[in-house]
């Protein structure tokens, strides 16, 4: 079962100033990988007045134990994905290479990085989209469970609350 106390501990440490924003997202992404059993987890925040691009705040890849950030996604390049996130606020793509909202990533992202499965949930601030949290699985297809989905949504809600309370 997924441990939500890990989220609470990170949230508390952020609030007490024991973690800066970068470390918060690094530890939170690693926590998601460990608890959900995926190989990659990341946090993205929308930019621009139209929220037509998203910048990666932090990505953890368990395959090499590395963190990265700064990558940008543009709605011009991935319109189906941005539309799905805007309308549904959720993407559950066990087979991301054939899922309508994510298959546009095949050539540029999914295939080169050997990603098969994607699970995304919207990060919101007062009901408005702020960004998204993403879990990905490499090597093979992962069938996302209802518990995985709920855990990811809890992470997204906690990030929205943290951004409201501690600034973003």
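Bear in mind that the values in this text are calculations on the coordinates, not laboratory data. From a predicted model like this one, the values you see are computed outputs, not experimental measurements. Here the Cβ is made from the backbone with ideal geometry for all residues, glycine too, and neighbour counts use every protein chain on show.
With a cut-off of 18 Å on the backbone N, the residues of region 87-126 near the modelled label site 7 Å out from residue 146 along Cα-Cβ are 91-94.
The helix-based estimate of mean residue ellipticity at 222 nm for the chain, built from -39,500 (n - 2.57) per DSSP H run of four or more residues and divided by its residue count, is -11000 deg cm²/dmol to the nearest 500. With contacts taken as Cα pairs under 8 Å at a separation of at least 6 residues, region 51-165 carries a relative contact order of 19 percent.
Here the peptides 141-150, 65-74 are ranked by packing, the mean other Cβ count within 10 Å, and the order with the highest first is 141-150, 65-74.
Provide the FRET efficiency to the nearest 0.05 for the residue 128-residue 66 pair, computing r from the beta carbons and using R0 = 45 Å.
After rounding, the FRET efficiency stands at 0.90.
Ellipsoid fit via the Cα gyration tensor, the chain: semi-axes of 23, 19, 14 Å, each the root of five times an eigenvalue, largest first. Springs join every pair of Cα atoms under 10 Å in this Gaussian network model of the chain, and among 101, 54, 84 the largest mean-square fluctuation is at 84.
Between residue 108 and residue 86, full extension at 0.36 nm per residue minus the direct alpha carbon distance yields a gain of 5.8 nm.
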